[in-house]
1. Taking R0 as 25 Å, what FRET efficiency do you get between residue 52 and residue 108 from their Cβ-Cβ distance, rounded to the nearest 0.05?
2. Once the cut-off is 19 Å, how many percent of the Cα-Cα pairs in the range 93-152 end up in the long-distance tail?
3. Ranked highest first by average number of other Cβ atoms within 10 Å, how do 90-97, 33-40, 126-133, 112-119 line up?
4. Which of rounded, prolate, oblate describes the range 18-152, given a ≥ b ≥ c as roots of the alpha-carbon gyration tensor eigenvalues and a/c under 1.5 marking rounded, otherwise prolate only if a/b is larger than b/c?
Amino acid sequence: MGRRSRARRAASPAPAASPPPAPRPAALTDERPQAPWHPFPLVELCVLVGIVLLVIGVVTGLDSDRGRLALLCGLVLASLGGLETVLREHFTGFRSHSSVLAGLPAVLSAGALYFGRAPWIAVAGGAVVVFLAGFWVFRNAFRRRSGGLSFR
């Protein structure tokens, strides 16, 4: 009896190979993802310099070119510091920042339409369409990175 069962086992067809397992999403933790330059506080310094430039721009006055330039540079630096943090957290699956990230291309497209002298309805409509498309793209990207969660 033992020989027959072994013979049948050897003669039976091998089970079909199962598909390889899907790649695992990033592990969800309660710690913020570290920047590549971690020990150096680059983002914090960028935001600090941006705030100082904003104050200088307001104190100097918006009537002078120097004040407007300081204000613009302060806005750009502080925004870049925040944007870097938002990108890092979103694309590692730590927190969803779909709305903030979708707002960036929406504002840029509204600015392009405005300076292209498009009518106001086209500026507003274009910004809304770009925002909705960006929100959908960024929300799906977060779902892939977080293992199916749409927000966290």
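Nothing in this text is a laboratory measurement; each read-out follows from the coordinates by a stated rule. Small disclaimer: the values here were computed from a predicted structure and weren't measured. FYI the Cβ positions are ideal-geometry reconstructions off the backbone, even for glycines, and counts take in every protein chain you see.
1. It comes out at approximately 0.45.
2. Counting every Cα pair in the range 93-152, those more than 19 Å apart make up 37 percent.
3. Per-residue mean Cβ counts within 10 Å order the peptides as 90-97, 126-133, 112-119, 33-40.
4. It is oblate, given that a/c is not under 1.5 and a/b is not larger than b/c.
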